[in-house]
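A.B. asks: Quick one: the structure is below, and I'll ask about it shortly.
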Amino acid sequence: MAHARHDAADKEPTMCLLVLAWQHDPDYPLLLAANRDEFYQRPTRSGRWWPEFPQCWGGQDLQAGGSWFVINRAGYWAALTNVREGIGKADNLRSRGELVTGYLRQLEMDTEHEDSRSPYSLSAFDYALQVLEQGHHYAGFNLLLGSPDEVIYCSNRLPWPERLQPGLYTLSNARLHSHWPKTQQARQAMQHWLAAGRDLPSLPRLLSSRQQAPTAELPDTGISVEWEQRLSSCFIASPGYGTRSSLGLSCDQEGLISVRECSFSPGGYAFQQTCESWHVRGRNGFAA
């Protein structure tokens, strides 16, 4: 049991499951649903506009200072998951949550330029290259970097960033394109949600299933079978550890962004909901 707890405790401020529809739907070029799992005792601030970076909205890990998801008013965003490897994290590694806040902070300090398609000189791909140069300073991570025109995936377990093509993607605690039971379930949930008419207020509840995978289908990430099974559901509610928040993000063709977040107490009981909407600044709409 100590081994499993060590693995879970190594989770920093990261998402643990997300499903992304990028230029997949004709009316909503960006749709994202995600869950963040963590120990309930770890101090956390729910999504809000950050006083020190007023153009940025997101939650904050109050222990390490980073975040698992942040988006700014221009439609640039970053989301993070860890890579579960079943090994202890070295003491001298940096917090992975700073990779998310670092992207938005660089944009916040970036000078605007003449190109009307982007208010920044720093591209998501350029930032991904910066991250990979420093990747050895962090435990395993997956990082998604989004803008109105592109989504970039990078991991310090891979040599090069990937520019995502239009489509449906799922990401958990393995590499992008990995097929875990929970990522397959997340994909199916998004497909059903799209087919049912895209009820935006229900997007944060997309990954609410607590169904655990059969033992024979569990991944082997170096932790106990008991914990593999406990972590195999989309939504986790176990003593001391579970899904702390669920997020739904949408942007339509006119550039209207809506972000909804629901926070949970131990046992998986919702106690706080947040919703923010705004139009992408300086654009008539998202890329189609």
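The values are calculated or read from the model by the stated rules, or taken from the named source; none is laboratory data. If you're wondering where the values come from, they're calculated on a predicted model, not measured in any experiment. Neighbour counts run over all protein chains shown; Cβ positions are idealised from the backbone, glycine included.
A.B. asks: Before we move on, is Pro204 within 20 Å of the chain's Cα centre (by Cα) and either not in a loop (DSSP other than H, G, I, E, B) or not charged (D, E, K, R) (or both)?
C.D. replies: The answer is yes for Pro204.
A.B. asks: When region 34-43 is examined, which residues are found to be in contact with a strand residue (DSSP E or B) (Cβ under 6 Å, 6 or more places away or on another chain), polar (S, T, N, Q) and either surrounded by fewer than 23 Cβ atoms within 10 Å (Cβ to Cβ) or free of Cβ contacts under 8 Å to residues at least 40 places away in the same chain (or both)?
C.D. replies: Across region 34-43, there are no qualifying residues.
A.B. asks: Starting from residues that are small (Gly, Ala, Ser) and within 14 Å of Ser263 (Cβ to Cβ), keep the ones in region 46-77 and report whichever is surrounded by the most Cβ atoms within 10 Å (Cβ to Cβ).
C.D. replies: By that ranking, first place goes to Gly58.
A.B. asks: Looking at (1) modelled with pLDDT of 95 or more; (2) out of contact with any Asp or Glu (no Cβ under 9 Å at 6 or more places or on another chain), which is the only condition Ala237 fails?
C.D. replies: Checking Ala237 against (1) modelled with pLDDT of 95 or more; (2) out of contact with any Asp or Glu (no Cβ under 9 Å at 6 or more places or on another chain), the one that fails is (1).
A.B. asks: For region 207-240: of the residues being of a type in the set (S, T, N, Q) and not in a loop (DSSP other than H, G, I, E, B), which is farthest from Cys275 (Cα to Cα)?
C.D. replies: In this case the residue turns out to be Thr215.
A.B. asks: Another question, if that's okay. Select from region 207-242 the residues that are of a type in the set (Asp, Glu) and either under 21 Å from the mean Cα position of the chain (by Cα) or within 22 Å of Met190 (Cα to Cα) (or both) and list them in ascending order.
C.D. replies: Glu217, Glu228
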